[in-house]
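Undergrad: Have a look at the structure that comes next, please.
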Amino acid sequence: MPEDWTWEYEGWDPAEERLRESLCTLGNGYFATRGAAPETTGGPAHYPGTYVAGCYNRLVSSVAGLSVENEDLVNLPNWLPLRYRIAETVDRPASAWFGPNHRGLLTYRQVLDLWRGTLTRQLRFTDRLRGDRRHLGVEQVRLVHMGSPHLAALRTTFTAEDWSGALLIESAIDGRTTNAGVERYRELDGHHLGRIRTAAEGPDILRLRCATRTSGIRVALAARTTAWPNAADGRAPQPVPLRVRLGERTAAHHLTVPITPGQPVVVEKVVALHTSHDPATSDPDAAALDQVARAPGFADLLESHQAAWERLWRRAELDVSGEPGRILRLHLFHVLQTLSPHTAELDVGVPARGLHGEAYRGHVFWDELFVLPYLNLHFPEVSRALLEYRHRRLPRACRAAEQTGRAGAMYPWQSGSDGREEAQKLHLNPRSGRWVADHSYLQHHVGSAIAYNVWRYGQASGDTEFLYTKGAETLLQIARFWASAAEYDPAAHRYRIRGVVGPDEYHDAYPGAPEPGVDDNAYTNVTAAWVLGRALELAETMPEPPRQELFERLGLADEELAGWEDISRRVRVPFHAGVISQFEGYGDLAELDWDGYREQYGDIRRLDRILEAEGDTTNRYQASKQADVLMLGYLFPPAELAAVFQRLGYAVDDALWRATVDYYLRRTSHGSTLSGVVHGWVLARARHSDAWKYCQEALTGDVADLQGGTTAEGIHLGAMAGTLDLVQRGLTGLEIRDDTLWLDPAPLPELSEFGLTLRYRGQWGIGLRMKPGQLLTSVPESNEAPVRFVLVDRAWHVTPGTERVVALPPAE
Ligand code: IFM
């Protein structure tokens, strides 16, 4: 194993447990299970959660006198339960159930092994019987299989250090789970599972099936438990017989195993999980039973699981030393556990909080904007599947646009199973206890993120089969939406897009305005113009066929395209005080007393909650939650950004951009983990002295739980993937166009040495290695064609089996 691939937690800390559960989640892109303790099924410190990608259910709840409907990623039955105690005689317990909360817990250690994809727990207990102290050691290894996506396994080894007797063990599946992992949602109905049935099969298998209550997805788990005392005399061990206990919503095996010092007891639990959503499955119950009955033992599963992880790591090589490297590997691990090649077989999007918890209900936001650019260069088939998720929901997005009187596709701010708008109408401010109207559905910029991803995927993968069909259709319909949303203002001779919310969610209305939304959000308008520009480029460059067929089917005639041309050149961008305005009127808002608020509250990341609790609102202030205008510097390399503004007839030079960066840097609270990524990226590219500070904020967002308790409710997938891309594209300046890898490095002094391998248009293992003052490019021997690189003023080809080192221009 490469060095430094583990995350270790020493000691039992109930206050930290839910955070550890999120960070120690194991998954495979099909399902994931939080790193919860199997000894207990709940309690304040514990939140077991198992989530299958795309398994949603919709329920109606009553809050603040209103009936609200929410669709949630469902917490499925818990397959982990395995508890144990000492038995004096068969069936006669002689100790309490052990577990992290047991008062005899002596040591507790937990190790997440990224290379192997396992979570190992080591516990040691003491217990007193009639004055005698007994010591029990427990080592437990778990995996969620990366090769066989429906399998998981848990192996527990018990060691009696100084006593002989028996262990009473219970291995169960628990169907009593609800969605209760997020305190803010406690007033919402979380009972998503119904029709629960339990059964036993043969000597060692338990079954539990159920269905989601309204979406009717059938879910089935089957668990095979095997236990034996290790055969010290070398004879084949005999598994211990199991006793079945079936409840209405739980199924358990009980077993009593003799144990003596030097003869550890091993219990293996192998679990299969299927749903009726799975491709090529008619009966999930039968599929789970079949799979678990045929599954090999833990040792074989571990071997094939590790081999699958090794293959993944080869496709995602990232070599960064020190603590940043360790964190980046953890981020990569969680990205791959959420979005693996198995995901490419499913109809799912990018869940903002991974498959690691219930925050944001497993919904899909614009966060894929921070995820796909990374995946494009390693797992293009996963990117394509995620874009196909959007394409399948294109008709729904077109209906949504139509319902607001617009044309084209208006994608929802929050998407779930069928692509309708899932954004909540009310959200709870935990600080004030008030339910507040939520206008985030006005973040129509999500459409530009989808179009951007279509375009960048096409450039990186060269997959014209997708780009010229589903990709083009999606992008053209989004362009059409922007064209119909833009209103011509004769006084300004410009097109304006009114009534939106930008990425900065702190401004959802003008102070005192009766209607929500702000006008001419610069990010929204510029990206809309860019999308229109790409749509026109497609119209010009798409080959025949399929161009005519697609354009005819969409009813896209030349006059409409001429309208797009005009709009793409004349969308309005507001400016004030020598900087780009976040939106029309931003510069007229009051200045916030940042120092005063910091002094009073310390952490003011969630300024919106603080002000609302004070009876005030962020709408009144020049205070942004997260990068908004600066997102433009994240999406577009300097030359492209300048060209976009030039096409719009605005001169945005380096000085104006730097002034804009400084302006918003002083007015942003970073209430989203995405903000650190964008600021780190933009400041690094602007050679700003604060760049590393924001990169560190992005790196530590989840491991240090910077947003105060939110990581326990699920990781921040966009920020995790964003940090990978920060190295991959941000620090290298990598762009892919014209069959060339364009580089424009902006190395940070704190991260000036790193290496990565890329997959680019069917070529694998293309190497980039940065060192202070030099860049090494390589192409493996196995590749067929040379790769072309361009660095500012130099171009070169690297032929297969060779490398080329070039000197980097000195930093300005
Ligand atoms: O999409 C983000 C948004 O930008 C900030 N709030 C959280 C969302 C989901 O991650």
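Undergrad: When the Cα atoms of the chain are enclosed in a convex hull and the volume is divided per residue, what value in Å³ results?
TA: Convex hull volume per residue, Cα atoms: 175 Å³.
Undergrad: Another question, if that's okay. Along its three principal axes, how long is the stretch 429-488 when you only count alpha carbons? Whole Å, largest extent first please.
TA: Projected onto its principal axes, the Cα set of the stretch 429-488 covers 51, 32, 14 Å.
Undergrad: Further question: What's the ranking of 752-763, 643-654 by average number of surrounding C-beta atoms within 10 Å, highest first?
TA: The peptides rank, most packed first, as 752-763, 643-654.
Undergrad: For the stretch 216-311, list log₁₀ I(q)/I(0) at each q in 0.11, 0.13, 0.16 Å⁻¹, using the Debye formula over Cα point scatterers of equal strength and ignoring solvent, two decimals each.
TA: Scattering profile of the stretch 216-311, log10 relative to I(0): -0.46, -0.62, -0.86.
Undergrad: Largest first and to the nearest Å, give the Cα extent of the stretch 673-812 along each principal axis.
TA: Here the Cα extents, ordered largest to smallest, are 50, 34, 23 Å.
Undergrad: Right, something else. Volume per residue, Å³, of the convex hull around the alpha-carbon atoms of the stretch 635-692?
TA: So the per-residue hull volume is 91 Å³.
Undergrad: Compare the peptides 619-629, 775-785 by average per-residue count of other Cβ atoms within 10 angstrom and give them in order, highest first.
TA: So the peptides 619-629, 775-785, ranked by packing, come out 619-629, 775-785.
Undergrad: Also: If I take every Cα pair under 8 Å that is 6 or more residues apart in the stretch 267-307, average their sequence separation and divide by the length, what percent do I get for the relative contact order?
TA: Relative CO of the stretch 267-307 lands at 39 percent.
Undergrad: Provide Rg and Dmax in Å for the stretch 1-109, with only Cα atoms included in the calculation.
TA: Both quantities, over Cα of the stretch 1-109: 18.3, 57 Å.
Undergrad: Relative contact order for the chain using alpha-carbon pairs under 8 Å, separation at least 6, rounded to a whole percent?
TA: Relative CO of the chain lands at 10 percent.
Undergrad: Could you work out Rg/(2.2 N^0.38 Å) for the stretch 322-407, with Rg from alpha carbons only?
TA: 1.26
Undergrad: Would you calculate a helix-derived [θ] at 222 nm for the chain, using -39,500 (n - 2.57) for each DSSP H run of n ≥ 4 and dividing by the full residue count, to the nearest 500?
TA: Using -39500 (n - 2.57) per qualifying helix, the result is -8500 deg cm²/dmol.
Undergrad: Can you pull the semi-axes for the stretch 366-421, root of five times each eigenvalue of the Cα gyration tensor, sorted largest first, whole Å?
TA: Listed largest to smallest, the semi-axes of the stretch 366-421 are 25, 10, 9 Å.
Undergrad: Rounded to a whole number of µm²/s, how large is the Stokes-Einstein D of the stretch 456-568 at 37 °C and 0.692 mPa s, given Rh as the Kirkwood radius over C-alpha pairs?
TA: So the translational diffusion coefficient is about 212 µm²/s.
Undergrad: Now for a separate question. I'd like to compare 177-187, 596-606: which one has the highest average count of other Cβ atoms within 10 Å, and what's the full order after that?
TA: The peptides rank, most packed first, as 177-187, 596-606.
Undergrad: What whole number of Å gives the distance from the Cα centroid of the stretch 421-435 to the Cα centroid of the stretch 1-61?
TA: First find each Cα centre; the distance between them is then 25 Å.
Undergrad: Would you work out the Kirkwood radius for the stretch 248-399? I mean one over the mean of 1/r across all pairs of different Cα atoms, in Å.
TA: So the Kirkwood estimate lands at 19.0 Å.
Undergrad: Now, a different point. Rg (Å, one decimal) plus Dmax (Å, integer) for the alpha carbons of the stretch 396-474?
TA: My reading of the Cα-based Rg and Dmax gives 16.1, 52 Å.
Undergrad: Taking the Cα centre of the chain as the origin, how large is its charge dipole in debye, to the nearest 20, when only Lys and Arg (+1) and Asp and Glu (-1) carry charge on their Cβ atoms?
TA: Charge dipole of the chain: 1980 debye, to the nearest 20.
Undergrad: Give me the percent of accessible area attributable to carbon and sulfur for the chain, probe 1.4 angstrom.
TA: After summing per-atom areas, the C and S share lands at 48 percent.
Undergrad: I would also like to ask the following. Determine the distance separating the Cα centre of the stretch 537-596 from the Cα centre of the stretch 757-812; give it in Å without decimals.
TA: 35
The values are calculated or read from the model by the stated rules, or taken from the named source; none is laboratory data. A quick note: this is a predicted structure, and the numbers were derived from the prediction, not measured. Heads up, the Cβs are rebuilt from the backbone with ideal geometry, glycines too, and the neighbour counts pull from every protein chain shown. Protein only, heavy atoms only, side chains kept; ligands, DNA and RNA dropped before computing areas. Shrake-Rupley method; radii C 1.70, N 1.55, O 1.52, S 1.80 Å.
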